[in-house]
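Working notes, structure below.
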Amino acid sequence: SRGCPFKCDFCFESRGVSDVRTFSLERIKAELEIFEKHNVSQVFVLDPTFNKNKERAKKILKMIAQTTPEIHFTFEVRTEFLDREMAKLFKSVNCGLQIGLQSSDPAVLSNVNRFINPSNFKEKIKILNSENIVFGLDLIYGLPGDTLAGHLTLKDFVKHFRPQKTEVVTYNSNGESIFTALDPKWARLLRKFNGENTLSRVIEALKLQYKGEVAEFIEFCISSGILEPS
């Protein structure tokens, strides 16, 4: 499908029409047969809410399991539409899931028109783990209202879910620095070292300027993917 019914401010999909346009199941089956015929090894499904229409998603998963059992698929899904039956169908397919959490702070999410029920999110992730589903979580640092403390809280929130991977991206709104939510001293440093992502190149300068606070700053940079731990 194309389009998205949600209006998350940080997402490209929200810039288009709110209608969701779907391909027919007949077309999907025909394309799966072409993939199988030509020995395609991987498919990334560019559908930001693959499982919003739960019954349609389940039909497609059954079709994939029957038609292309060896091809690896990656799906973008939303946890609020997951259920046990769907998790079992994902398990029957050679696939991985990518889930957008973005933040665990309701106030931050509200600022970008994104809403997640933390307790419901936890329960749905438990279902995935109980079925041994491979999944990753997408996080965003620097959303309006975000702070270093909030980011560290998010790390604690995420680690209990045991995702196979976690992708952290930084938020850039209207050309502004992605770190405007930080304390000004950290923001200045990050602007200064923007693109200089090897830890050994900046650590001495940080020690000279901030001494005891360096550990806190480095922990933030590594956890956010800004610096490489080398």
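Points to keep in mind about this one:
- Only one of the numbered conditions (1) under 20 Å from the mean Cα position of the chain (by Cα); (2) exposed (fewer than 15 other Cβ atoms within 10 Å of the Cβ) is not met by Cys95, and that is (2).
- Residues that are in a loop (DSSP other than H, G, I, E, B), surrounded by 17 or more Cβ atoms within 10 Å (Cβ to Cβ) and in contact with a His (Cβ under 9 Å, 6 or more places away or on another chain) within segment 37-56 are absent altogether.
- Residue in segment 47-62 that is more than 25 Å from Glu123 (Cα to Cα) and of a type in the set (Gly, Ala, Ser) present: no
- Annotation: of all residues in segment 113-154 being under 26 Å from Asp83 (Cβ atoms) and hydroxyl-bearing (Ser, Thr, Tyr), the one that is surrounded by the most Cβ atoms within 10 Å (Cβ to Cβ) is Ser130.
- Residues of segment 51-87 that turn out to be aromatic (Phe, Trp, Tyr) and under 20 Å from Asn117 (Cβ atoms), as a count: 1
- Condition broken by Leu32, with the remaining ones in (1) closer than 26 Å to Lys126 by Cβ; (2) surrounded by 15 or more Cβ atoms within 10 Å (Cβ to Cβ); (3) over 16 Å from the mean Cα position of the chain (by Cα) satisfied: (1)
- Where Ile34 falls short, out of the listed (1) within 16 Å of Gly136 (Cβ to Cβ); (2) in a helix (DSSP H, G or I); (3) among the β-branched types (Val, Ile, Thr): (1)
- Filtered by the rule that a residue be in contact with a Phe, Trp or Tyr (Cβ under 6 Å, 6 or more places away or on another chain) and free of Cβ contacts under 8 Å to residues at least 60 places away in the same chain, segment 121-162 gives Ile125, Leu128, Ile133, Gly142.
- Count - residues of segment 57-92 that are among the aliphatic types (A, V, I, L, M), over 24 Å from Pro5 (Cβ atoms) and either in contact with a strand residue (DSSP E or B) (Cβ under 8 Å, 6 or more places away or on another chain) or surrounded by fewer than 16 Cβ atoms within 10 Å (Cβ to Cβ) (or both): 1
- Of all residues in segment 151-165 being at pLDDT below 80 and farther than 19 Å from Gln98 by Cβ, the one that is farthest from the chain's Cα centre (by Cα): Leu152
- Any hit, segment 107-129, residues being over 20 Å from the mean Cα position of the chain (by Cα) and on the phi < 0 side of the Ramachandran plot: no
The values are calculated or read from the model by the stated rules, or taken from the named source; none is laboratory data. Not measured: the values here are computed from a predicted model. Quick reminder, even Gly has a Cβ in these numbers, built from the backbone with ideal geometry, and neighbours come from all protein chains shown.
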